[in-house]
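The values are calculated or read from the model by the stated rules, or taken from the named source; none is laboratory data. Quantities reported herein were computed from a predicted structural model and do not represent experimental measurements. Cβ placement follows ideal geometry from the backbone for every residue including glycine, while neighbour counts extend to all protein chains displayed. Accessible surface areas use protein heavy atoms only, side chains included; no ligands, DNA or RNA. Shrake-Rupley method; radii C 1.70, N 1.55, O 1.52, S 1.80 Å.
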Amino acid sequence: MAPEVMEQVEGYDYKADIWSFGITALELAKGFAPYALHPPMKVLLLTIQEEPPSLRSYATEKSCTGESFSRSFKEMVRMCLQKEARKRPTVQTLMNCKFFKTKWPVGPLVNELLCHVGNISVMCRRFKLSNYFLQ
């Protein structure tokens, strides 16, 4: 939740969603939210009182494979997680940043995702899904 939403001093707009996008990017990159290990009230205080979260908010900036995150990813997250809503980019500005302009190879991503997906037929049977998914 964006700081301005938590503080409820003034209204908020789409810039709160830009903040949420930055937090979601960190969650997807690391597998959990920046302050996930803290109780909810501590998360509120950290969000309002401390510097915005970043990859450095985690114990290590390295991904699970040992590779560092790209400079363009870090910059995109930094742009989104500005404390002051007025300093966050518009959607158009965000879409023009290098992270979204770079053509990333999809092969490594597909392989990584497939490593974490179990046998689909076993999962369908476990959750009693119709045979539609097995065709």
Which residue pairs have Cβ atoms under 6 Å apart, sit 6 or more places apart or on different chains, and have a first residue in the range 68-95 that is more than 15 Å from ASP13 (Cα to Cα) and free of Cβ contacts under 8 Å to residues at least 40 places away in the same chain and a second that is of a type outside the set (Asp, Glu) and surrounded by 15 or more Cβ atoms within 10 Å (Cβ to Cβ)?
SER72/PHE99
Given (1) surrounded by 15 or more Cβ atoms within 10 Å (Cβ to Cβ); (2) in a loop (DSSP other than H, G, I, E, B), index of the condition ILE18 fails
(2)
Test PHE133 against the stated conditions and say whether it is surrounded by 10 or more Cβ atoms within 10 Å (Cβ to Cβ) and either in contact with an Asp or Glu (Cβ under 8 Å, 6 or more places away or on another chain) or modelled with pLDDT under 90 (or both).
yes
Between PHE32, PHE99, which is over 27 Å from GLN8 (Cα atoms) and either at pLDDT 80 or above or surrounded by 15 or more Cβ atoms within 10 Å (Cβ to Cβ) (or both)?
PHE99
Could you list, ordered by first residue, the pairs with Cβ atoms under 6 Å in which the first is in the range 4-33 and free of Cβ contacts under 8 Å to residues at least 24 places away in the same chain and the second is open to solvent by less than 60 Å² (accessible area, probe 1.4 Å) and not acidic (Asp, Glu), at least 6 apart or interchain?
VAL5/ALA16; GLU27/ALA33
Scanning the range 58-74 for residues that are assigned to a loop (DSSP other than H, G, I, E, B) and under 25 Å from ASN96 (Cβ atoms), which turns out modelled with the lowest pLDDT?
SER68
Is one or more of the residues making up the range 25-46 among the hydroxyl-bearing types (Ser, Thr, Tyr) and assigned to a helix (DSSP H, G or I)?
no
Counting only residues in the range 1-47 that are closer than 13 Å to ARG88 by Cα and among the charged types (D, E, K, R), the one nearest to the chain's Cα centre (by Cα) is identified as ASP17
Residue satisfying all of: in the range 47-57; open to solvent by less than 60 Å² (accessible area, probe 1.4 Å) and in a loop (DSSP other than H, G, I, E, B); farthest from GLU84 (Cα to Cα) among these:
SER54
Looking at the structure I just gave you, is LEU94 surrounded by 13 or more Cβ atoms within 10 Å (Cβ to Cβ), of a type in the set (A, V, I, L, M, F, W, C) and at negative phi?
yes
